[in-house]
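The values are calculated or read from the model by the stated rules, or taken from the named source; none is laboratory data. Just so it is clear, the model here is predicted, and its values are computed rather than measured. Every residue, glycine among them, receives a Cβ derived from its backbone with ideal geometry; neighbour counts consider all protein chains shown. When the accessible area is computed, the model is the full protein with side chains, heavy atoms only, and any ligands, DNA or RNA have been set aside. Shrake-Rupley method; radii C 1.70, N 1.55, O 1.52, S 1.80 Å.
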Amino acid sequence: HEFQARELSSMAPHVGGSLSLSSSSAVRLPLHPQATTVASASHRCSLATQEGRAAIEGRGICYSVTTRQGRSVPILKDCSLSVPSGQLWMLLGPNGCGKSTLLKVLAGLLNPTYGTVHVNKPKSFVFQNPDHQVIMPTVEADVAFGLGKFSLSSDEVSSRVSKALDAVGMLKYSQRPIQTLSGGQKQRVAIAGALAEACKVLLLDELTTFLDEHDQLGVIKAVKDSVSSPGGVSALWVTHRLEELKYADGVIYMEDGRIIMRGDVPTAVNFLKEKQAHYIDRLDL
Ligand SMILES: Nc1ncnc2c1ncn2[C@@H]1O[C@H](COP(=O)(O)OP(=O)(O)OP(=O)(O)O)[C@@H](O)[C@H]1O
């Protein structure tokens, strides 16, 4: 982790900043079963894109908190984004720029102060700390846990659990006690839980922060495979780790509560290089 922090701060200080070791509490959170539009908006706008409706779409999202003194502090400022169906997009930006808050607004965990949000459902929000993602004693039981609410036959439950574990490369671990898994394996089990529930959208908050290179690769590949397979899973992935960009279909970069860049990976790489050059120029070495 320290290596990552050093690497990022030397490569692109404005991109990674210092990595936070504090972990938000972590649960896998299945969200509502049907697609709806959440709108607390003063203005509504068309949710359709030219290719059809995006899997994740936000328009003019603002989110503010009110201090004890009654002062309104803006956290998200006029954020608009769109993630097409069947794609994996990455959300980057320095510590405290609003990435997690934006993800929570998209997940429906926070109501935007202004703006509109549309996210296909079922959707699932997976947090960063793998130790808090999984709750049942074995891998199989954990993935089956979320299916309890669907009144499925036991055959259907087994079939969904096996398919989901297979999709994240964890089928052979199905009988393993959860506490014997590595951090990355636990993250993959959490993702399998979301896939078993036939999630259409995965909202993933810094899943690889605490993982070593091997587990990091396992988790990102599991997500990429789910997105690439037929069935149209879409994912928005918050990360500080620039090497993960090679798995992305698109990139969003935030600073100080605003989205200041959206584009494909080459566009993002150019943007990041320019930022780094600008930073080095300012050092006056
Ligand atoms: N409930 C709250 N009350 C006050 N400030 C808040 C609240 N929630 C978030 N913030 C502030 O909003 C800003 C954005 O926080 P957020 O966690 O979204 O950033 P982030 O980009 O995910 O950061 P990191 O990369 O460190 O995880 C931070 O300055 C944070 O302190």
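Counting heavy atoms of the protein chains only and a 1.4 Å probe, report the per residue accessible area for the stretch 119-228 as a whole number of Å².
Value for the stretch 119-228: 40 Å² per residue.
Sort 253-263, 55-65, 271-281 by packing, meaning the average of other beta carbons within 10 Å per residue, with the highest value first.
55-65, 253-263, 271-281
Figure the gain on full extension for residue 179 and residue 95 (residue separation times 0.36 nm, minus the Cα-Cα span) and round it to one decimal in nm.
This chain segment gains 27.2 nm when fully extended.
Starting from the Cα of residue 64, move 7 Å in the Cα-to-Cβ direction to define the label point; list residues of the stretch 90-125 whose amide nitrogen is under 17 Å from there.
Within reach of a label on residue 64: 111-116.
Just the number, please: Stokes-Einstein D of the stretch 110-223 in µm²/s, Kirkwood Rh from C-alpha pairs, 20 °C, 1.002 mPa s.
148
With a 1.4 Å probe and all protein chains left in place, how much accessible area per residue does the stretch 234-285 have, in Å²?
Ligands and nucleic acids excluded, the figure is 53 Å² per residue.
With the full set of protein chains in place, find how many percent of the accessible area of the stretch 111-175 is carbon and sulfur; take the probe as 1.4 Å.
Ligands and nucleic acids excluded, carbon and sulfur give 52 percent.
In the structure displayed, which of 163/221; 246/275; 121/172; 200/246; 163/246 lie more than 24 Å apart, Cα to Cα?
Beyond 24 Å: 121/172; 163/246.
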